[in-house]
1. Which one is farthest from the other protein chains (Cβ to nearest Cβ) among residues in segment B:372-400 that are open to solvent by less than 60 Å² (accessible area, probe 1.4 Å) and among the aromatic types (Phe, Trp, Tyr)?
2. Among the residues of segment B:175-188 satisfying the criterion of being hydrophobic (A, V, I, L, M, F, W, C) and either exposed (fewer than 15 other Cβ atoms within 10 Å of the Cβ) or away from the ligand (no atom under 14 Å from the Cβ) (or both), which is farthest from B:ILE127 (Cα to Cα)?
3. Please work out if B:VAL125 is assigned to a helix (DSSP H, G or I) and more than 8 Å from the ligand (Cβ to nearest atom).
4. Only one of these is touching a Pro at 6+ places or on another chain (Cβ under 9 Å), within 14 Å of the ligand (Cβ to nearest atom) and open to solvent by 30 Å² or more (accessible area, probe 1.4 Å): B:PHE148, B:PHE136. Name it.
5. List pairs: first residue in segment A:87-104 and part of a loop (DSSP other than H, G, I, E, B), second residue of a type in the set (Phe, Trp, Tyr) and surrounded by 10 or more Cβ atoms within 10 Å (Cβ to Cβ) anywhere in the structure, Cβ distance under 6 angstrom, at least six positions apart or on different chains.
6. Applying the selection to segment B:359-371, what residues are of a type outside the set (Phe, Trp, Tyr), assigned to a helix (DSSP H, G or I) and touching a residue at least 24 places away in the same chain (Cβ under 8 Å)?
7. Kindly evaluate B:VAL125 against the criterion of being surrounded by fewer than 21 Cβ atoms within 10 Å (Cβ to Cβ) and within 11 Å of chain A (Cβ to nearest Cβ).
8. Would you point out the residue of segment B:195-239, among those that are among the polar types (S, T, N, Q) and open to solvent by 40 Å² or more (accessible area, probe 1.4 Å), that is farthest from the other protein chains (Cβ to nearest Cβ)?
Amino acid sequence: MRSILSIVLFSVFFSFSALAAGGNIHLPEKEWSFDGFLGSFDRASAQRGLQVYKEVCAACHGLDLVSYRNLEILGFNENEIKAIAAEYTVVDGPNDEGEMFERPAKPADRFSNPFTNEQAARAANNGAYPPDLSLMTEARPNGANYVYALLTGYKDAPKDVKMMDGMYYNEYFPGHQIAMASPLSDDLVEYADGTEATVDQMAQDVVNFLSWAAEPNLEDRKKMGLKVLIFLAFFTIIFYLMKKRIWSDLH
Amino acid sequence: MRWQQTKDWIEHRLPIFSFLDKELNKYPAPKNLNYMWNFGSLAGIILMIMIATGIFLAMHYTPHVDHAFNSVERIMRDVNYGWLIRYIHTNGASMFFIVVYLHIFRGLYYGSYKAPRELLWIMGVVILFLMMGTAFMGYVLPWGQMSFWGATVITNLFSAIPVIGDDIVTLLWGGFSVDNPTLNRFFVLHYLFPFLIVGLAGLHVIALHVHGSNNPTGVEKKTKKDTVPFHPYYTVKDLFGLGVFLIVFALFIFYAPNYLGHPDNYIPANPLVTPAHIVPEWYFLPFYAVLRAITFDIGIPFTDIVLIEAKFGGVLAMGGAVGILALLPWLDTHPVKSARYRPTFRKFFWFFVIDALVLGWVGGKPAEGVYIYIGQAATAYYFFHFLILLPYLSRNEQAMPLPASIDDAVQARKKYGAKK
Ligand code: HEM
């Protein structure tokens, strides 16, 4: 009964995991620094990714769940964060006169959204809605690989595909017709650290950044996990030895 | 000395110490229980974990359609160790079902539902129903796309009930669609149900302690030689099992926290956008497959008279798939409990396990093409197992000779060096 049981358990997990994978378009699998038991964010890449987000994606996409102060985890210091925040203005208020007013953003503010509401976003994008990117890598199956593939997956449409107005052919978008034109092109941004800004490089960097944005506590989680597992393994062995000892007078 | 006096003082007024000593310490348990008997105490521990983490989540959670999704993300990002508490709660629900399903299959294999444990078993089935309701409503709370659309699909099922169906749905929704009142009542009920489960689990244990655990031979304990005191033998064995379980649990929490969830639930609920495939959580998939297997109206043959519409038929079948468990003591009336001594029953037990897995697999597939037929065949087999096979075997299966006592069985195994 016992051995059969473990087989059953495993097959359950694996058959259901196939569900989570979902989709039928095969995604290229990249290795990410945040994968695995000891995964952590590639800070340099994620910082470049922030630049790509700010200079490119932020024209259309919000990052509503992330605050400037969160950038500390990515290795920015307080002054840098203040400076980044101050590049944006936010509407605050009402003040004592009952008026709303504009002020520079502070570290505690959320990333400033390019549009005030969904209608405005649609109006500026031919009716399409650029979704918030805060959770993008969690909100798609195999998210990090998907966003990377999406950003590098623009192609000329095959001849037999009829493109709808204002749509662009993308190998990895479900249905292949996406309302976002390829946002990246070589040398679109200029990296301060001298890294060559190829489409591939920018895509990787922005995926590193967005993966952090989706789960800023990922590193804490993995580090704590290791400690918890060592602790549990230790006590489980002790319990096992105790169990053997206590039962030995019966067997 | 002081302690002894205090203890006596309390004991004289509330016999808590003798109670604990009787039910946890001296409580005689069959000495041959295998590791399948670990899952009951594990289920109780997970229930406590769910309640503890749930209460902390509820301190930060906002049950309002405009705020629910973001309040969960605030827990994930800004609340100290909020991510940990939420991942424990989310994955804890899955662990709870794994453990309870194994606990149930243990009962099915060793005939634990037979006399004198029928009520114990039925209370277990009621707990399963409540757990399903609790988990379903909990999944609605983060108000993601699957929350909303899962709630819409499942609550709509009730409209299939003849005559009163539509009123029931309105009552569930608190309006005319899944909306803020729905979220509010689901939150309240999600908070309430686990405490009902605690009460039922208490009764479950009281009933258990009347006659004690069943055991792998299915032969009731007779003399002192058949048993060992619960403490320390089973306390230490349960602790070891708990350790192994927590390792598996921790692997999910820390290294695959979203593996058992659906990515669509990280998209805020949007009543205007329907997800491509609406799938429930994995632990509902077998029952979801049964629900979708009934694609045809049931009526009087060769006439147009429809007695049960397909949708209602699906609902009945799904409810029946769980409810039929409660009838098991009267469907399987074979005098021998354990599958160990019923070779035919044993074979069919494993067919049934495979059937349940097939149902789970089909439940996650779109309801189209060949999947429909596989789902229907597996559903038919599911009910065939309970309604036809078990009553048939009860009358016709020749069982192997039973050991005279638990102790005899243990000694015999020792002698032949058999491990299993
Ligand atoms: C039988 C025990 C319980 C089960 C099986 C259960 C199950 C669940 C599930 C499946 C979710 C959805 C998690 C997600 O996908 O995010 C959830 C969420 C939630 N539960 Fe429970 N729960 C239980 C007990 C409780 C209790 C006792 C409370 C409150 C005292 C509670 C409070 C919450 C809250 C506030 C949420 C929303 C936050 C979130 O989604 O992470 N739960 N529960």
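1. That would be B:PHE383.
2. Of everything passing the filter in segment B:175-188, B:PHE176 is farthest from B:ILE127 (Cα to Cα).
3. Answer is yes for this residue.
4. B:PHE136
5. Between residues of segment A:87-104 that are part of a loop (DSSP other than H, G, I, E, B) and residues that are of a type in the set (Phe, Trp, Tyr) and surrounded by 10 or more Cβ atoms within 10 Å (Cβ to Cβ), the close pairs are A:GLY93/A:PHE101; A:ASN95/A:PHE101.
6. B:LEU359, B:GLY360, B:VAL362, B:GLY363, listed by residue number.
7. Working: surrounded by fewer than 21 Cβ atoms within 10 Å (Cβ to Cβ): yes; within 11 Å of chain A (Cβ to nearest Cβ): no.
Criteria not met by B:VAL125.
8. By that ranking, first place goes to B:THR223.
The values are calculated or read from the model by the stated rules, or taken from the named source; none is laboratory data. Remember, it's a predicted structure, so these values are computed and weren't measured experimentally. Cβ sites come from the backbone with ideal geometry, for glycine too, and all protein chains shown count toward neighbours. Remember, those area values only see protein heavy atoms, side chains included, never the ligands or the DNA or RNA. Shrake-Rupley method; radii C 1.70, N 1.55, O 1.52, S 1.80 Å.
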